[in-house]
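Only one structure is covered here, and it is reproduced in the block below.
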Amino acid sequence: MLVLAIGSEARTRKYLPDLPIVREVELVCAERGASDDELLALAPDAGVVVADAISPIDARLIAGMPNLKLIHSEGVAFNAIDVDAARARGIAVCNCAGVNAGTVAEQAVMLMLMCLRRALEGDRAVREGRQIALKERMMVEGFRELGDCTVGFVGFGAIGQATARYLRPWGCKMLYNKHHPLDEGLENELGVRFASLDDLLATCDIVSLHVPVTDETRGMVDGEFLAKMRPDGVLVNTARGDIVNQEALAAALEAGNIAAAGLDTLSPEPVTCDNPLVNLSAVASRRVVFSPHVGGVAEGMFYRAHRTIWENIARLAAGEELVNRVC
């Protein structure tokens, strides 16, 4: 079997698990950004394609690989894969669901704290000799402790639940919204309760996004959504940039309609210099914390993800049922 891995070859080879299947297949690597023509020339007979989360796997590439049986996302996201084209060919699409829950949850909590404590502004003030002036201002203006905040989760899968587990010892009140509420026992275990989206936005000090990119969620954080948030509210996005209407968020930050935003991801990626959120005024930009979409890429996550991928390839080779199928 020929396996084509699209993404960093160094990363692919570093995290190869010690499994027999790795030695039984031929592995070919292509860097992210390779064209369909380059990929088809490199591995036209591939039976498996493993792709990093932002490498597109389109209908043309799928159609050009007659032996393709499995497309596997290196991560949790699969929105860059043409799932409909794969389904039409009977090709399985799988992801690594759950492997990054803990590390993304850590990133979400970090962004919450950085926004509440104005961490980037504080760093700059110390470097520029303005420590005491900013400290005096923050003491007068006040800032909230995380434990005094009500945190709302929009979407509440593995990552949202992991974040709730981290936050519970802080003493946060926590609300969540999803299509199907959890059973009461799990709600009690996590210390959360279900709320309508409107109630969550109106109530919560921090709104944390944990939904996948679908036709329903793409651009859901728009002007109407942001207008329903508290004016001292904080928005945290460790999911996908496509969920947020970035022009609307930029306008809300400029107008002071929300207090801050902590963003691990923007759209598109790589982030372009004309993105409205990286071109805010000096005042508004102090209320935004960016991280370079590293919430889910801790070392432990890659070891777990690549074992998941290769165990699935072994199942495919043995004719067994695959896990984490999305189609």
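Remarks
Residues are listed down the side, and each one gets a yes or a no for (1) in contact (Cβ under 8 Å) with a residue 60 or more places away in the chain; (2) in a strand (DSSP E or B); (3) open to solvent by 60 Å² or more (accessible area, probe 1.4 Å):
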residue	(1), (2), (3)
144	yes, no, yes
161	yes, no, no
169	no, no, yes
179	no, no, yes
201	no, no, no
212	yes, no, yes
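- Residue that is surrounded by the fewest Cβ atoms within 10 Å (Cβ to Cβ) [pool: residues in region 276-327 that are among the aliphatic types (A, V, I, L, M) and part of a strand (DSSP E or B)]: 288
- Breaking point among (1) under 22 Å from residue 305 (Cα atoms); (2) open to solvent by less than 20 Å² (accessible area, probe 1.4 Å); (3) assigned to a helix (DSSP H, G or I), for residue 39: (1)
- Test: residue 97 is out of contact with any Phe, Trp or Tyr (no Cβ under 9 Å at 6 or more places or on another chain), hydrophobic (A, V, I, L, M, F, W, C) and exposed (fewer than 15 other Cβ atoms within 10 Å of the Cβ): no
- Among (1) open to solvent by less than 60 Å² (accessible area, probe 1.4 Å); (2) outside any helix (DSSP H, G or I) - the single one residue 273 does not satisfy: (1)
- Exclusive hit being over 18 Å from the mean Cα position of the chain (by Cα) and either within 30 Å of residue 74 (Cβ to Cβ) or part of a helix (DSSP H, G or I) (or both), set 120, 175, 111: 120
- Residue match in region 256-268 (condition: of a type in the set (D, E, K, R) and surrounded by fewer than 21 Cβ atoms within 10 Å (Cβ to Cβ)): no
- Residues in region 49-93 that are in a helix (DSSP H, G or I) and open to solvent by 10 Å² or more (accessible area, probe 1.4 Å): 59, 60, 63, 83, 84, 85, 87, 88, 89.
- All positions within region 235-252 that are under 14 Å from the mean Cα position of the chain (by Cα) and either small (Gly, Ala, Ser) or open to solvent by 10 Å² or more (accessible area, probe 1.4 Å) (or both): 238, 239, 240, 241, 242, 244
- Restricting attention to region 102-131, the residues that are over 15 Å from residue 294 (Cβ atoms), open to solvent by less than 60 Å² (accessible area, probe 1.4 Å) and in contact (Cβ under 8 Å) with a residue 60 or more places away in the chain add up to 6.
The values are calculated or read from the model by the stated rules, or taken from the named source; none is laboratory data. All figures in this text were calculated on a predicted structure; none of them were measured in a lab. Ideal geometry is used to build each Cβ from the backbone, glycine not excepted, and the neighbour counts take in all protein chains shown. Ligands, DNA and RNA are stripped out before the accessible areas are found, and what is left, the full protein with its side chains, is counted by its heavy atoms. Shrake-Rupley method; radii C 1.70, N 1.55, O 1.52, S 1.80 Å.
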